[in-house]
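The values are calculated or read from the model by the stated rules, or taken from the named source; none is laboratory data. Fair warning: this is a prediction, and the values are worked out from it, not measured in the lab. Cβ placement follows ideal geometry from the backbone for every residue including glycine, while neighbour counts extend to all protein chains displayed. Ligands, DNA and RNA are stripped out before the accessible areas are found, and what is left, the full protein with its side chains, is counted by its heavy atoms. Shrake-Rupley method; radii C 1.70, N 1.55, O 1.52, S 1.80 Å.
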Amino acid sequence: MDGSTAALPHADRIANRGRPGLIEDYAVIGNCETLALVGRSGSIDWLGLPRFDSDACFAALLGDPSHGRWLITPEDGDVRVSRRYRPRTLVLETTFETAEGAVLVTDFMARRDGASDLVRLVRGLRGRVSMVLDLVVRFGNGAIVPWVTRQQDGRLQLTAGPDRLLLASDIALTGRDQRTAGHFVVEAGQEVGFALSWGLSHRPPPEALDIAHALAEVQDFWTGWAQTCASAGPWSEAVVRSLITLKALTHWETGGIVAAGTTSLPERIGGPRNWDYRLCWLRDSTFTLLALIEAGYLGEAQAWRQWLLRAIAGDPGDLQIMYGVAGERRLPEYEVPWLTGYEGSRPVRIGNAAAGQLQLDVYGQVLDTLYTARHAGLAADGASWALERTLVTSLESLWRQPDEGIWEVRGGKRHFTHSKAMAWVAFDRAIRSCQEFGLDGPVERWSRVRDEIHAEVCRRGFDADRNTFVQSYGASALDASLLLLPIVGFLPPDDPRIRGTVAAIERDLVRDGLVLRYDTGSSVDGLPPGEGAFLACSFWLADNYVLQGRRDEAKALFERLLGLANDVGLLAEEYDPADRRQLGNFPQAFSHLALVDTARRLTEAGPAHERTLGGAAAHQVRGAQRGDAGHPSPQDRPEVNRPDAAGDKRKARPRKTGPG
């Protein structure tokens, strides 16, 4: 056994160590099945098992240590902390330095058939460091105390209902006050290991984990996966970290992509804007896939397409805007009263009632993503096109209805301008798929609807007196989602109406250089006012600067946004420029995919505004400049945009789907 044991320090003092910190104090580890949040304190304060959306067994993040956490830290509270990920991996290394010495704690997650493994390795770097361990397991989101026994092989078994955790430890551990504690000393060169393995309690327990082998496999998986990523110039490191984060939010087996790794981290400290993001939004998933496809990851696109076909199976008229990780439809929203919320931000919510909303923009997002995947070389699938046709047919009547919009407002439906523009995108991509890939569809009818939507948005969603598009028909309020209009090719970026909209957003929605989604003081969302700046919207503003040739401004804003990431390159949903801290669920797919998109726009050699691999956005821009609402003929397409001309790095190829 590496490391020596010593008498356990005062239990109360250790129990109060490592309380939840700032959101940016956390890093994440994961196995493409679930995620854990690891604080700079050495405490793992959030982990749901076995899936992203499962009940948490460590829920201290939304309460206090008594709701579940796993702390490993020096006994000496006077400690200097630094950390990093091993290059191009999700293996976290945290260095603790005390007056007596230094240790390195390596944290990672692996996966085996029927088991998820959380591993922590403590290695002495210099001197002699006294360490403490405090493990509090509370299944059921911090509510259920497990029954603890010891197996014949020495592992601790913690069981409650269907859940079982097995803890393998290189040191002796003590049970006290419904927690497991340990105290050990590590000298230079010594290593102490711990492996916590989840499995179903009614099945045979998994074999003890070979930690060294698991670490090597996990490292090889992540470095191999990251090799596909093309260079993003001076921002390559940030792009790779963001892509790894997006991959970590993608379920290895189902193909579902969750919006974030947590629930109920607040958009305003102390407020009620706390939502469960551990679910698969069609919108967020498609944005994520566009970023992954452009980086060369077609395997994820193929897996998501199959997830989509399963999730929407049946009547596409019953389309939801989000589903569970495996495509579940019932996602009831309820509150967890025993958790006090992050820094007192209540309520803590599980599930999301927005699943029942109408959000027209998701139709455009789905059609756009599948069109992009075709241009990238994703193999044709008849079932996929049949689904797309059915969605577009449904949209022929739906697009006229008001909806809850991209921000999922709870203050009533409206005719949101962005929603209507994305309905236009749905018809546009369906038409292009027919024209460019020989697919069958009523192109003439769809073209008439596309033109009708375009004309209506320009008439009813635009305020001519102020020279800006507005949040909804007839309203005066602005909305940052309008920044997407030139990005999806609805109008060219140098159109006076787009320039006027960007200027209006700069004037009315920018705070300390960062972009708000909209004015939360209005009644649009049905909630009390106040939230941080939405990071994805700020990246969208930088994108618009690129499209308008304002490269210096784009670069300055982009690099400022990079500076808001924490020390290991992670971003939450929002940022509070007044308190200078991250807000919202973490890590947030929307923020990281927007980072990837903007970095690529800044480094592309060709037209920076070509979002889709097939050049669709560029052709729409050129078409709009010609006055035909962006309807290019097939011969306008450059040869490089043919599916068979895509680079080899964009070809789908077999690869491991997750670590372990």
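Element breakdown for the chain at a 1.4 angstrom probe: carbon and sulfur atoms account for 49% of the accessible area. To test your reading of the geometry: what angle, between 0 and 90 degrees and rounded to tens, separates the Cα axis of helix 298-311 from the longest principal axis of the chain? That helix lies at roughly 80 degrees to the long axis. Taking the longest Cα principal axis of the chain as reference, the axis of helix 535-547 is set at about 40 degrees.
Once C-alpha pairs closer than 8 Å and six or more residues apart are averaged by separation and normalised to the residue number of the range 94-135, the relative contact order reads 38 percent.
Between the C-alpha center of the range 141-189 and that of the range 265-302 there is a gap of 34 Å.
Direction-averaged projected area, Cα convex hull, the chain: 27.3 nm², rounded to one decimal. Computed from Cα positions, the angle between helix 236-248 and the longest principal axis of the chain comes to roughly 80 degrees. Taking 13 Å as the cut-off, the amide N atoms of the range 106-141 that come nearer than this to a point 7 Å along the Cα-to-beta-carbon line of E207 belong to 112-113. Stretched out straight at 0.36 nm per residue, the stretch from R126 to E343 would grow longer than its current Cα-Cα span by 74.5 nm.
Every helix of 4 or more DSSP H residues in the chain counts as -39500 (n - 2.57), and over all residues that averages to -10000 deg cm²/dmol at 222 nm. Charge tally for R414 (other residues, Cβ to Cβ under 9 Å; Lys, Arg +1; Asp, Glu -1): -1. Near W385, once Lys and Arg are set to +1 and Asp and Glu to -1 for all other residues with Cβ below 15 Å from its Cβ, the sum equals 0.
Using C-alpha pairs below 8 Å separated by at least 6 residues, the relative contact order for the range 255-391 is 30 percent.
Each Lys or Arg adds one and each Asp or Glu takes one away; over the other residues whose Cβ falls under 12 Å from the Cβ of I144, this sums to -1. Kirkwood radius and radius of gyration were both taken over the C-alpha atoms of the range 93-157, and their ratio Rg/Rh is 1.06. Please find the FRET efficiency linking E553 to E452, where r is the Cβ-Cβ separation and R0 is fixed at 51 Å, and quote it to the nearest 0.05. E between E553 and E452, to the nearest 0.05, is 0.90. Full extension of the chain between R445 and R459 gives 2.9 nm of extra length, using 0.36 nm per residue less the Cα-Cα distance. Once a ≥ b ≥ c are taken as the square roots of the eigenvalues of the Cα gyration tensor of the range 13-136, is the result rounded (a/c under 1.5), prolate (a/b larger than b/c) or oblate (a/b not larger than b/c)? The shape class here is oblate. Between D177 and D508, the FRET efficiency from the beta-carbon distance, with R0 = 41 Å, is close to 0.15.
Computing FRET efficiency as 1/(1 + (r/R0)^6) for R310 and A380, where r is the C-beta to C-beta distance and R0 is 25 Å, gives about 0.85. Averaged over residues, the count of other Cβ atoms within 10 Å places the peptides 424-433, 472-481 in the sequence 424-433, 472-481, highest first.
List residues of the range 487-529, by number, whose backbone nitrogen lies under 16 Å from a label position 7 Å along Cα→C-beta of E335. Flagged as within label range: 527-528.
Does the range 372-505 classify as rounded, prolate or oblate by the C-alpha gyration tensor (a ≥ b ≥ c root eigenvalues; a/c under 1.5 gives rounded; else a/b over b/c gives prolate, otherwise oblate)? Because a/c hits 1.5 or more and a/b exceeds b/c, the range 372-505 counts as prolate. Assign one of three labels to the range 470-566, namely rounded, prolate or oblate, based on the Cα gyration tensor with a ≥ b ≥ c the square roots of its eigenvalues; rounded applies when a/c is under 1.5, prolate when it is not and a/b is larger than b/c, and oblate otherwise. Note, shape of the range 470-566 comes out oblate.
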